[in-house]
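Working notes for the structure below.
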Amino acid sequence: MFARYLPPEYSGAAAQAFLLAGELRARGHHVEFATLSWNGKRREYVVDGFPITALAMRVRARHQEFSVWQSLAVHLWRRRHAVDILHGQGAYYTQSILGPFGRLLGKPTLVKASLSQNDLSSLSHSTIAPVHRRFLRLVDAYVAISADLKAEFAQKGLATERIWHIPNGVDTARFSPVDETERKAAADSLGLPTERPIALFVGVFDERKRIAWLLREWVARRAFGTDVHLVAVGPTSRDSYGAALKSELHALARAHPRLITVRDFSPDIARHYQAASLLLFPSLREGLPNTVLEAMACGLPCLVAQASGSRELVRDGFNGATFAVDDAAELEAALQRVLRESAALGARGRQLAVDQYRIGAIADRYEALYAHLLNERRSGG
């Protein structure tokens, strides 16, 4: 698997990659990773028992991808007798090089698009569009994690017969519901209010997630007239504004401790879900968000903005409620609906997560895709 970001860099796509890799390993497959070295130097390390090669690159070069591709070519040539399938975590320009490399090495390839209007955006009105498109046309399969991304692959002119709709998965054993007594115990262990409902946000603190908008509105409207405490948990954005945004969020929390709490991301994030009463996720653009899947698996009703990815997981009145992006009035009305029906909404969300998104079922579909690609390659297809 080849990914742009892997630990110690935080990435939702990387979290999905490791979740899938763990399930595949349990079934007897060997998975190893390659990623970019953000200090420029090649190194090898291990995360959760998986070998990772960080590829040397020229970090400050205008076209750093050329050095990445050179390093990846050397790495794949050395591993050519061990590797059977090249799996790109992301369908970006950089990852699309797996198409020509796979053809040269005789290995089947796939790329997974992780974010709507992002992975494939350079295929339109971009100087690299012709190269990106050519590379992708040499890839054997495209994984779309949402209906929006499936349509986007087709709209960009890529072969529809190569598009596989395989959603993200969730560990429904790790992320599971708790009763009210345990919820209060989880909140207490985290230093959060125990006698008030908790609305939880989990995600990178960046502009796309609309976390600053949410906290500002929550403070200005005094929790929308409810007694709900908002908890925001996430890593700092890698964008240039990341540190300033994080500072603003923490300042709001210090100024209004009864209304909001802001925490750095915790590897044991499941405990925060168990302490919560509902998920509040205002993001304006997603692939298929891990946060919503994890909340559903924990039996939380989900309150989400009507954005790509999120709207595929949450149905109004079934497992949560939706609101227009950046519309505080709609958010207030949706919040009231969720609070009235939280138990039923959460139970249906849990069942949906188990039935359609548990990682075992998702791994079944990847195994089927891998088998298809290997058989096609062996038959000369």
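Values in this text are rule-based calculations from the coordinates and carry no lab data. Keep in mind that what you see is a predicted model, and the values were worked out from it rather than measured. Methodologically, a virtual Cβ is constructed for each residue, glycine included, from the backbone with ideal geometry; neighbour enumeration extends over all protein chains shown.
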Suppose the chain between Y241 and E9 were pulled fully straight at 0.36 nm per residue; how much longer would it get relative to their current alpha carbon spacing? 81.8 nm
Test of understanding: in a Gaussian network model of the chain with alpha carbons linked when under 10 Å, which of V231, V262, V47 would top the mean-square fluctuation ranking? V47
For the range 180-357, whose charge dipole is built from +1 on Lys and Arg Cβ atoms and -1 on Asp and Glu Cβ atoms, the candidate among P301, I260, I198 with its Cα farthest towards the positive end is I260
Taking neighbour counts of Cβ atoms within 10 Å as a proxy for exposure, in what order, fewest first, do R258, R4 appear? R258, R4
How big is the equivalent ellipsoid of the range 180-357 along its three axes, where each semi-axis is √(5λ) from the Cα gyration tensor, reported in whole Å from largest to smallest? 22, 18, 16
How many percent of Cα pairs in the range 309-381 exceed 21 Å? 49 percent
In whole angstrom, how long is each semi-axis of the equivalent ellipsoid of the chain, when you take the square root of 5 times every eigenvalue of its Cα gyration tensor and sort them from largest down? 37, 22, 20
Put +1 on the Cβ of each Lys and Arg and -1 on the Cβ of each Asp and Glu in the chain; which of G90, H250, L352 then has its Cα farthest toward the positive end of the dipole? G90
What FRET efficiency comes out for the pair S124/D364, r = Cβ-Cβ distance, R0 = 56 Å, nearest 0.05? 0.95
Among DSSP bridges having both ends in the chain, what percentage is antiparallel? Round to the nearest 5. 10 percent
Per-pair calculated FRET efficiency, R0 = 51 Å: V59 and E182 via Cβ, rounded to 0.05: 0.65
For H372 paired with W38, estimate the spin-label separation in nm (one decimal), with each label point 7 Å from Cα along the Cα-to-Cβ line. 3.4 nm
